[in-house]
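A.B. asks: I have a structure here, written as structure tokens, and I will follow up with some questions on it.
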Amino acid sequence: MKYGLVLEGGAMRGLFTAGVIDVFMENGVVFDGVVGVSAGAAFGCNYKSNQPGRAIRYNTRFCRDKRYCSVRSLIKTGDMFGADFCYHEIPEKLDLFDFETYESSAMEFFVVCTDVMTGKPVYHRCDTMNSHELEWLRASASMPMAAKIVNVDGYDMLDGGISDSVPLKFMEDSGYDRNVVVLTQPRDYTKEKNKLMPLLKIVYRKYPELLKIMENRHKIYNGELKYVRKAEHEKRALVIAPETKLPVGRVEHDPDVLREVYRIGRKVGTKHLTEVQKFTAH
């Protein structure tokens, strides 16, 4: 029996996830593998490095820093979330990522990106975490319109959430029998068609396969939620989600708002802790 953890993205909604998984780490919940999408990857990698508290710490410290996230950064570099600052300077210098613990952990860690040429998801296992592998995290979290296309290992990629927002099936196909799924939208959420599609069709006109997947993303996402609910009904999955819509946008510069989203995550994680411990009992 292999136990997995599936982490949806959602930009700053990901601090809900950070709160949930910090509770798990602090209470010794062990997973054999984790898959993260977008913010789920950027924050979820701290599980393998065993660093509870790190995601909320650096987000509240730097959320008002223009190098971290700003329109100025978007205009100047093409990335709203500063690529070098977020994915290199912070983990390598300012709030150190524990690369050694990450590499020594037996846990498998996967990230999901979207290949802009094919529109298909790319799943990558990060056995180590270094400057190169951090680029995979950056690609996974590179939101359309707010980030440049990222080239890594021959792939041109954007946000993994475009093509596979909740990769439960990927984990099951990879041999993970029982999975905890952390969502960042309430259980009754239904995604609507993207209202920005006319603009996306102009910006990404060179990538017709990407546009196809963007056009149908709401259908794919809602289908994935249906699959998750079926897996939960069949006791193959345990789902954790916020009880109401989280009080945060995709970008947030108020540290108090970020702390509140994180606090909500901790509260929900604590509420489900005993259930998760039983579900993942090795």
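The values are calculated or read from the model by the stated rules, or taken from the named source; none is laboratory data. Small disclaimer: the values here were computed from a predicted structure and weren't measured. When we count neighbours, we look across all protein chains shown, and the Cβ atoms used for this are built from the backbone with ideal geometry, even at glycine. Ligands, DNA and RNA are stripped out before the accessible areas are found, and what is left, the full protein with its side chains, is counted by its heavy atoms. Shrake-Rupley method; radii C 1.70, N 1.55, O 1.52, S 1.80 Å.
A.B. asks: Does Gly175 satisfy being over 30 Å from Met80 (Cα atoms) and of a type outside the set (D, E, K, R)?
C.D. replies: Against the criterion (over 30 Å from Met80 (Cα atoms) and of a type outside the set (D, E, K, R)), Gly175 qualifies.
A.B. asks: Out of all the residues in the range 230-282, which are open to solvent by 40 Å² or more (accessible area, probe 1.4 Å), over 24 Å from Thr190 (Cα atoms) and assigned to a loop (DSSP other than H, G, I, E, B)?
C.D. replies: The answer is His253, Asp254, Ala281, His282.
A.B. asks: Checking Thr101 against (1) over 17 Å from the mean Cα position of the chain (by Cα); (2) outside any helix (DSSP H, G or I), which test does it fail?
C.D. replies: That leaves (2) as the condition not met.
A.B. asks: Scan Met171, Met129, Met117, Met145 and give me the residue that is touching a Leu at 6+ places or on another chain (Cβ under 9 Å), part of a helix (DSSP H, G or I) and aliphatic (A, V, I, L, M).
C.D. replies: Met171
A.B. asks: Within the range 100-121, which residues are open to solvent by 10 Å² or more (accessible area, probe 1.4 Å) and either closer than 17 Å to Val35 by Cβ or touching a residue at least 40 places away in the same chain (Cβ under 8 Å) (or both)?
C.D. replies: Thr101, Ser105, Ala106, Met107, Glu108, Phe110, Asp115, Met117, Thr118, Lys120, Pro121
A.B. asks: Further question: Go through the range 91-130 and count every residue that is within 16 Å of Gly154 (Cα to Cα) and not hydrophobic (A, V, I, L, M, F, W, C).
C.D. replies: 9
A.B. asks: Check off (1) part of a helix (DSSP H, G or I); (2) at pLDDT below 95 for Met1 and give me the number that stays unchecked.
C.D. replies: (1)
A.B. asks: State which residue is surrounded by the most Cβ atoms within 10 Å (Cβ to Cβ) when the search covers only the range 29-79 and only residues that are among the small types (Gly, Ala, Ser) and part of a loop (DSSP other than H, G, I, E, B).
C.D. replies: Looking at residues that are among the small types (Gly, Ala, Ser) and part of a loop (DSSP other than H, G, I, E, B), I get Ser38.
A.B. asks: Which condition number does Ile213 fail, the rest of (1) buried (at least 19 other Cβ atoms within 10 Å of the Cβ); (2) under 18 Å from Gly40 (Cα atoms); (3) of a type outside the set (Gly, Ala, Ser) being met?
C.D. replies: With respect to (1) buried (at least 19 other Cβ atoms within 10 Å of the Cβ); (2) under 18 Å from Gly40 (Cα atoms); (3) of a type outside the set (Gly, Ala, Ser), Ile213 is out only on (2).
A quick yes/no check of all residues on (1) at pLDDT 95 or above; (2) closer than 25 Å to Leu168 by Cβ; (3) of a type in the set (A, V, I, L, M, F, W, C):
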| position | (1), (2), (3) |
| --- | --- |
| Cys113 | yes, yes, yes |
| Tyr123 | yes, yes, no |
| Cys126 | yes, yes, yes |
| Glu133 | yes, yes, no |
| Ala139 | yes, yes, yes |
| Ser142 | yes, yes, no |
| Ala147 | yes, no, yes |
| Asn151 | yes, no, no |
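A.B. asks: Here is a list of conditions, (1) open to solvent by less than 20 Å² (accessible area, probe 1.4 Å); (2) touching a residue at least 24 places away in the same chain (Cβ under 8 Å), and Phe85 meets all of them except one; can you say which number that is?
C.D. replies: Result: Phe85 fails condition (2) only.
A.B. asks: Then there's this: Restricting attention to the range 188-226, which residues are outside any helix (DSSP H, G or I) and under 17 Å from Ala147 (Cα atoms)?
C.D. replies: Within the range 188-226, Leu196, Tyr204, Arg205, Lys206, Tyr207 qualify.
A.B. asks: For Asp177, are the conditions met, namely being in contact (Cβ under 8 Å) with a residue 24 or more places away in the chain, open to solvent by 10 Å² or more (accessible area, probe 1.4 Å) and more than 19 Å from Asn216 (Cα to Cα)?
C.D. replies: So Asp177 fits the description; yes.
Residue-wise test of (1) aliphatic (A, V, I, L, M); (2) farther than 29 Å from Asp156 by Cα.
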{"residue": "Asn194", "(1), (2)": "no, no"}
{"residue": "Asn222", "(1), (2)": "no, no"}
{"residue": "Ala231", "(1), (2)": "yes, yes"}
{"residue": "Lys235", "(1), (2)": "no, yes"}
{"residue": "Val239", "(1), (2)": "yes, yes"}
{"residue": "Arg263", "(1), (2)": "no, yes"}
{"residue": "Val268", "(1), (2)": "yes, yes"}
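A.B. asks: For the range 141-155, state whether one or more residues are surrounded by 23 or more Cβ atoms within 10 Å (Cβ to Cβ) and in contact with a Ser or Thr (Cβ under 7 Å, 6 or more places away or on another chain).
C.D. replies: yes
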